[in-house]
Structure formats: structure tokens, C-alpha cells
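Worksheet: the structure to be examined is printed underneath.
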Amino acid sequence: MKAIVQDRYGSHETLRLAEVDRPTPANGEVLVRVCAASVNAADWHIMRGDPRLARLAMPVAFGWSGPKKKIRGRDFAGVVEAVGPGVTRFRPGDEVFGDLGFSDGAFAEYVCAGEDLVAAKPAGLTFEQAAAIPLAGNTALTGVRDVAEAKPGQRFLVNGASGGVGTFAVQLAKSFGAEVTAVCSARNADLVRSIGADHVIDYAVDDFTANGRRYDVVLDLVANRSLADLRRALTPDGTLVLSGGGVSDGGSLVGPMGLTIAGGLISRFVRHRVRQLNVAPSAANLETLAGLAESGTVVPVIDRTYPLPEAPEAIRYLELDHARAKVVVTVEHAA
Ligand SMILES: NC(=O)c1ccc[n+]([C@@H]2O[C@H](COP(=O)([O-])OP(=O)(O)OC[C@H]3O[C@@H](n4cnc5c(N)ncnc54)[C@H](OP(=O)(O)O)[C@@H]3O)[C@@H](O)[C@H]2O)c1
């Protein structure tokens, strides 16, 4: 089968389309014929081995000179081709979507995934829309529902609202009844309003940490501000949620992990709740997101699609930090 593979850390130019063996489903795994996959910040972090501290801190994904797994990509949607021993929830022909976690391998014609990482594709969504959901949707759901504990009337700010995670976070916070302020550039103001933002701050003309307004929750998906700045935007007992990601200047030892480490250190000593967003793949959360997508409460927003051979360009586009919501890779299969 064809797949996008990588041997050593580097730019998107280290990725290449190659012929590799089709995987065989092990115990508890399904083999999925991939129809679409989506790109996440995690893909370029792992592609580059960046930040370098992650090579020590996250050995499941990061080797020393190259990623642990050769094939990139973690979000996918497709059709079950075969099932391994012990699989009870799926059978060949089922339309599914899932998040491989650090197993990676979605930028390929076929992928094996544990059945606990997979859910039925939301009815009425295309494979591209379904593939756009898993990691970004799960991150937003975990951040908004579980960490921030969004509720009606809460003043909820999303920094990085027009990105992959941000577009889900805006919709989810709205669905919990929060009053949502979206921070993005002017060119994305209409987009974030169209998915429910009550207020929009153009970061080029207004600094949300210095304009005197206070929020019950700040969900930071950009990591371009200091903890002191971010906390200045909070009400006295407000919650700061740090995504652990960040803009892709790259090349540093700790990168945005510095902000989350500092956040963890101060969290015991300050009145504000300062929380890290730790997200694990979850079939239960995929099912929740599928239900929200089926009811129209959450709509995956897709910026661009790229065919599988152009997945390196898709990652490059996301790396530039200005994707509008999700970037999707489509996979053609010979008839
Ligand atoms: N903890 C976890 O498990 C976890 C999981 C998933 C993701 N993450 C992290 O969450 C972060 C967001 O992920 P994502 O997929 O949403 O990234 P993304 O799609 O690449 O984000 C792109 C968006 O960032 C916005 N942006 C760029 N500079 C900005 C600035 N200075 N102020 C406000 N917005 C700005 C852009 O808006 P404009 O074009 O309008 O500037 C663009 O829409 C990433 O850093 C990622 O590493 C963490």
C-alpha cells in the first residue's frame, strides 16, 4: 500500500510517498481502508522532533533522531476492511473514524487501530468531515467540558479560535451556554461568528490580556503569551487552560512546554485554576462528538483538502500557523 513515511526528523521535505506492507489486524484491532485523514499540530511536532524536550519526555512518539513510528498521521475516517481476533464492536463494511494516538499511521491507504480507538462515523457526514473531528474535537471537548467545566453564562475566551481545536472549542463552549469570545485575525472574524462566537477580538488591534476585560475561562491554544499576561485576563477565581501546544517557531528545547511546566508549578500557589490540557484518545468521546455532529451542534470546518501524495504540503500549510480550522488529506483507492 502507499503511505507517507519518514526516517529522520526534519521539515516536510523529509516525508515521502512510499510503498509499504499493508498492516494485519492483531487481537482487538480493525483494519480500516482509509478514505480521509486530517492533519494536526501533533503531526508537525513529531515530524520535526520539536520541541527537543519531547524526545526525552514522550518516548512513545519521539525517538532520538527520528519519530518512533515511520508513517505519519493520527486522525482517519474510512471503511472497516477486516477485523482481528476478539473484535466485537465492528465488522467489515462499517464506516468508522478514529484517532490512533501516538501509534500514528493514518496517512496511508490502510491502517490498523484498536477497536477502543474507533467509533461509527457520524451519519450524514462525509469521510472528510469525519476525519476532521478526532484529535481536535477531543481536545476541545476535554478542554471545554472536563477541564474548564463550561456552564451557562460563563465568560469564555478562546485564544486561537479559528484553528482546528479552536473552531470546535467555540462551538462546544456555546453549546454549554457560555458567552464566547474568539481571538483570531480579522480575516477569520466572520468564520468564528458563523460558528457561534458572541464577540471577536482581532489580536492585531486589541490585546485581550491588556484591555481590562475579564473572563471566567481562558482557553489558550496559541502559547504566545506569558502566564502573567494570560492570568491578567481572568476573573479572580477564573480558570486558565493551557493546551501544551503553540505557534510553530520551533527549534527550541522546551518550546510551549515551558508555559505548561510553569503553569503546573504556580497552580498550587495562586487562586486562579491553572490547568494543563492532557488529552487521550477515547472512543466514548468520539461517540459524543459523533452525536453532536449528527445533531448539527458541532460542524467540522474544513479549510483545504490535499490528496495523499501531497500530505507533506498539507503539513507544511498547517505549520504556517494560519490554517482556518481543519486541513484534510484524501485517499483515493483504485477501483
Ligand atoms: N494537549 C493536547 O493534547 C493537544 C491536542 C491537540 C492540539 N494541541 C495544541 O493546541 C494548539 C492548537 O491546535 P490547532 O490544531 O487548533 O492548531 P492550528 O489549527 O494550527 O491553529 C491555527 C490557528 O492559530 C491561529 N493563530 C495563529 N497565531 C495566532 C495568534 N497570535 N493569536 C491568536 N490566534 C492565532 C490562526 O488564526 P489566524 O489565521 O486568524 O491568525 C489559525 O487559525 C496547538 O498548539 C496544538 O499543539 C494540544
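The values are calculated or read from the model by the stated rules, or taken from the named source; none is laboratory data. As the structure is a computational prediction, the values presented were derived from the model and not from experiment. No Cβ is skipped: glycine too gets one built from the backbone with ideal geometry, and neighbour counts run over all protein chains shown. Ligands, DNA and RNA are stripped out before the accessible areas are found, and what is left, the full protein with its side chains, is counted by its heavy atoms. Shrake-Rupley method; radii C 1.70, N 1.55, O 1.52, S 1.80 Å.
Farthest towards the positive end of the charge dipole of the chain, among the residues CYS35, GLY255, THR14, is the Cα of GLY255, using unit charges on the Cβ of Lys, Arg, Asp and Glu.
For SER103, the shell of other residues with beta-carbons less than 14 Å away shows a net charge of -2, using +1 for Lys and Arg and -1 for Asp and Glu. Taking all protein chains as they are arranged and a probe of 1.4 Å, the heavy atoms of THR235 leave approximately 10 Å² accessible to solvent.
For the residue pairs LYS121/LYS326; LYS68/LYS121; LYS151/LYS326; LYS121/LYS151; LYS2/LYS70, the alpha carbons lie more than 22 Å apart in LYS68/LYS121; LYS151/LYS326; LYS121/LYS151. Take the alpha carbon gyration tensor of region 135-276, find the square roots of its eigenvalues, order them as a ≥ b ≥ c, and report rounded if a/c is under 1.5; if not, report prolate when a/b exceeds b/c, else oblate. Note, shape of region 135-276 comes out rounded.
Each stretch of four or more DSSP H residues adds -39500 (n - 2.57); spread over every residue of the chain, this sum gives -6500 deg cm²/dmol at 222 nm. Positive contributions from Lys and Arg (+1) and negative ones from Asp and Glu (-1), summed over other residues with Cβ under 11 Å from the Cβ of GLU29, come out at -2. At most 11 other C-beta atoms within 10 Å and a DSSP loop state: those are the exposed trypsin sites (Lys or Arg not before Pro) I care about. Give me the longest piece of the chain that has none. The answer is 9-267. Taken per residue, the accessible surface of the chain reaches 41 Å², heavy atoms only and a 1.4 Å probe.
Just need the relative contact order of region 246-335 here, percent rounded to a whole number, with Cα pairs under 8 Å and 6+ apart. Reported as a whole number, the value is 23 percent.
Taking the 1.4 Å solvent-accessible surface of region 135-276 as the whole, the part contributed by carbon and sulfur is 53%. Prolate is the label for the chain. Its Cα gyration tensor axes, ordered a ≥ b ≥ c, give a/c of at least 1.5 and a/b above b/c. Working from Cα pairs under 8 Å separated by at least six residues, relative contact order for the chain is 20 percent. Using the empirical formula 2.2 N^0.38 Å as the baseline, the Cα radius of gyration of region 50-196 reaches a ratio of 1.21. Restriction of the chymotrypsin sites (Phe, Trp or Tyr not before Pro) in region 36-133 to DSSP coil positions whose beta-carbon has at most 15 other beta-carbons within 10 angstrom yields TRP64. With a cut-off of 9 Å between beta carbons, the residues surrounding MET1 carry a summed charge of -1, where Lys and Arg count +1 and Asp and Glu -1.
Considering only beta bridges that DSSP places wholly inside the chain, some 55 percent are antiparallel. Working from Cα pairs under 8 Å separated by at least six residues, relative contact order for region 135-276 is 20 percent. Note that region 70-81 has calculated 3J(HN,Hα) couplings of 6, 8, 7, x, 10, 8, 8, 9, x, 10, 5, 9 Hz, one per residue in order, obtained from phi through the Karplus relation 6.51 cos²θ - 1.76 cosθ + 1.60 (θ = phi - 60°); glycine and proline are x. For region 181-221, the dipole from Cβ point charges (+1 on Lys and Arg, -1 on Asp and Glu) about the Cα centre works out to 60 debye, to the nearest 20. Couplings 3J(HN,Hα) for region 194-203, derived from phi with the Karplus relation 6.51 cos²θ - 1.76 cosθ + 1.60 (θ = phi - 60°), are 5, 9, x, 4, 7, 9, 10, 10, 7, 5 Hz, where x marks Gly and Pro.
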